[in-house]
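Below is one structure; the comments refer to it alone.
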Amino acid sequence: MSPLQKCIFNKDRSIKPIWLMRQAGRYLPEFRKIRQKNKNFVNLCLDKKLVPKITLQPIKRFNFDAAIIFSDILMVPYGLGQKLKFTKDYGPELGDFSKDLIFRNNKNDFENKLNPIYESIKITSNNNILKNKDLIGFIGAPWTLLVYIINKKSPKKNIKKNFFSKANNLDEILDLLKEFLKIHIINQVKSGATVIQIFDSWAGLLEEKDLEKYVYQPTKEIVEFTKKLNIPIICFPRNIKNYKKYVSRVNPDAINIDFNVDPLQILKDITIPVQGGLDPKLLLGNKDNLKKNVKKYKDIFKDHPYIFNLGHGVLPETNPDMVKYLIEFIKDN
């Protein structure tokens, strides 16, 4: 059993596995070389020769305990027929998502469109470098994908007041997303993913009264589906205001916390394995400050099942040497 599986399934407190969100990406010079020649990000996510290579770059460089497949949560709306492009310094731009598009979708078309992702997972999972390591597949949570589908771009810090009146078919889109996210999960698992993470990047945008309908219930349905596959599932509801309530309502195998939350409060409130929390900006500073903050998380969770990670993804301006220092400190102490 891998270190990650021991921590999640066996609640092993003696082992502190480490991987980082966005560990494969813009901060690595070897990735930037590939990206320079491959300007279209969507096409890159569908390149079954390059995706395994990119996914394994940080494993070869840093020997993390898990790889996470190089992809994007917005590949699901793309698979459903919504136009998608990524623009430098702007982010994702999505096309219209009409009612006609909803009813035109079928499982075969969706799977065929995203099949290169599943092929990439197969190829990656068969690489010997992942022996006794996990390959993490992932999805965006239904709510977060709903935000992108309707807003057609990143909402940044808030959603417009008329968001819920922008489309009169939100419930239909939500139901469609749940159905196709399950398809996306099972195909990733069949292809070799050994852990699934749900990214709910915009969970923090909602008021308490809307969480049950848009976050708790749809995410819980997907968590229960994944658990039946005997695959551990980690949830990351970024900026959620009440992690304790989220865990009790959604019941994931592990919970990823963001860097705005008090880890001491999490320790009091949460009994399941905890992942993450470290502010990724600390990797931009000096080693002494990084060491001090890493030690804080290690000390707080020393008697709790804990997966070392960040409270968000690795920032593009991060020096790889700082990541190396972080891993060496975790492994040696």
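The residue list Phe31, Phe9 contains one member that is more than 25 Å from Lys152 (Cα to Cα), surrounded by fewer than 20 Cβ atoms within 10 Å (Cβ to Cβ), of a type outside the set (Ser, Thr, Tyr) and in contact (Cβ under 8 Å) with a residue 40 or more places away in the chain, which is Phe9.
All conditions in (1) among the small types (Gly, Ala, Ser); (2) over 26 Å from Lys153 (Cα atoms); (3) surrounded by 22 or more Cβ atoms within 10 Å (Cβ to Cβ) hold for Ser248, with the sole exception of (3). Taking the conditions exactly as written (under 29 Å from Ser98 (Cβ atoms) and either of a type in the set (A, V, I, L, M) or modelled with pLDDT under 95 (or both)), does Pro155 satisfy them or not? For Pro155, the condition - under 29 Å from Ser98 (Cβ atoms) and either of a type in the set (A, V, I, L, M) or modelled with pLDDT under 95 (or both) - is met. Scanning segment 112-128 for any residue that is out of contact with any Leu (no Cβ under 8 Å at 6 or more places or on another chain), at pLDDT below 95 and over 19 Å from Phe163 (Cβ atoms) turns up nothing. None of Leu84, Leu56 is in contact (Cβ under 8 Å) with a residue 60 or more places away in the chain and buried (at least 18 other Cβ atoms within 10 Å of the Cβ) except Leu56.
Look at Phe64 and say whether it is of a type in the set (Phe, Trp, Tyr) and closer than 30 Å to Lys178 by Cα. Considered against the rule, which asks whether it is of a type in the set (Phe, Trp, Tyr) and closer than 30 Å to Lys178 by Cα, Phe64 comes out as no.
One residue is enough: does segment 130-141 have a residue meeting the conditions assigned to a strand (DSSP E or B), surrounded by fewer than 23 Cβ atoms within 10 Å (Cβ to Cβ), in contact (Cβ under 8 Å) with a residue 40 or more places away in the chain and not aliphatic (A, V, I, L, M)? Checking segment 130-141: at least one residue is assigned to a strand (DSSP E or B), surrounded by fewer than 23 Cβ atoms within 10 Å (Cβ to Cβ), in contact (Cβ under 8 Å) with a residue 40 or more places away in the chain and not aliphatic (A, V, I, L, M). Within segment 98-107, the residues that satisfy the criterion of being in contact (Cβ under 8 Å) with a residue 40 or more places away in the chain and outside any loop (DSSP other than H, G, I, E, B) are Lys99, Ile102, Lys107.
Strands (runs of 3 or more DSSP E) fully within segment 1-97 that include at least 1 residues being more than 27 Å from Asn128 (Cβ to Cβ), at pLDDT below 95 and in contact with a helix residue (DSSP H, G or I) (Cβ under 8 Å, 6 or more places away or on another chain): 84-87, 91-94. Quick check: anything in segment 244-265 under 25 Å from Phe62 (Cα atoms), touching a residue at least 60 places away in the same chain (Cβ under 8 Å) and assigned to a helix (DSSP H, G or I)? No, segment 244-265 has no match at all.
When residues in segment 192-204 are screened for being part of a helix (DSSP H, G or I) and surrounded by fewer than 21 Cβ atoms within 10 Å (Cβ to Cβ), 1 of them pass. State the number of residues belonging to segment 272-314 that are free of Cβ contacts under 8 Å to residues at least 24 places away in the same chain and either closer than 23 Å to Lys245 by Cβ or not in a loop (DSSP other than H, G, I, E, B) (or both). Final tally of qualifying residues: 6.
Restricting attention to segment 166-212, the residues being aliphatic (A, V, I, L, M), over 20 Å from Tyr78 (Cβ atoms), touching a helix residue (DSSP H, G or I) at 6+ places or on another chain (Cβ under 7 Å) and at pLDDT 95 or above number 1.
The values are calculated or read from the model by the stated rules, or taken from the named source; none is laboratory data. From a predicted model like this one, the values you see are computed outputs, not experimental measurements. For neighbour counting, all protein chains shown are included, and Cβ atoms are generated from backbone atoms with ideal geometry for every residue, glycine included.
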